[in-house]
């Protein structure tokens, strides 16, 4: 899992999709009680064409 630190807070995220800066991006944000794994059924479909970013909100998953 990848993490990014913003103002001392680590946010867990993953990227999926084409290795191209030309691809449009979709950011998947989960609801209460979820984490970045909430999108496991949608990401395989959308990542064929789009740069997909999933993340866990602060206090969820490993964020």
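The values are calculated or read from the model by the stated rules, or taken from the named source; none is laboratory data. It should be emphasised that the depicted structure is a prediction, and the values quoted were computed from it without experimental measurement. Glycine also receives a Cβ, built like all others from the backbone with ideal geometry; neighbour counts cover every protein chain displayed.
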Note to self: Kindly evaluate residue 22 against the criterion of being at pLDDT 90 or above and either out of contact with any helix residue (DSSP H, G or I) (no Cβ under 9 Å at 6 or more places or on another chain) or surrounded by fewer than 11 Cβ atoms within 10 Å (Cβ to Cβ) (or both).
What the structure shows: no
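Taking only the range 41-58 into account, find how many residues are farther than 23 Å from residue 5 by Cα and touching a strand residue (DSSP E or B) at 6+ places or on another chain (Cβ under 9 Å).
6
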Notebook entry, point to check: Being over 9 Å from the mean Cα position of the chain (by Cα) and outside any loop (DSSP other than H, G, I, E, B), is that true of even one residue in the range 29-41?
Noted result: yes
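From the list 8, 33, 61, which one is touching a strand residue (DSSP E or B) at 6+ places or on another chain (Cβ under 8 Å) and at positive phi?
Testing whether each residue is touching a strand residue (DSSP E or B) at 6+ places or on another chain (Cβ under 8 Å) and at positive phi leaves just 61.
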Next item on the list: Could you check how many residues of the range 12-28 are in contact (Cβ under 8 Å) with a residue 40 or more places away in the chain and over 10 Å from the mean Cα position of the chain (by Cα)?
Entry: 0
Next item on the list: Can you confirm whether the range 50-59 contains a residue that is out of contact with any helix residue (DSSP H, G or I) (no Cβ under 9 Å at 6 or more places or on another chain), surrounded by fewer than 16 Cβ atoms within 10 Å (Cβ to Cβ) and in a strand (DSSP E or B)?
Entry: no
Margin query: Can you pull out every residue in the range 26-40 that is surrounded by fewer than 16 Cβ atoms within 10 Å (Cβ to Cβ) and over 15 Å from residue 2 (Cβ atoms)?
Written below: 29, 31, 32, 33, 34, 40
Notebook entry, point to check: Within the range 1-28, how many residues turn out to be assigned to a loop (DSSP other than H, G, I, E, B) and within 12 Å of residue 61 (Cβ to Cβ)?
Noted result: 1
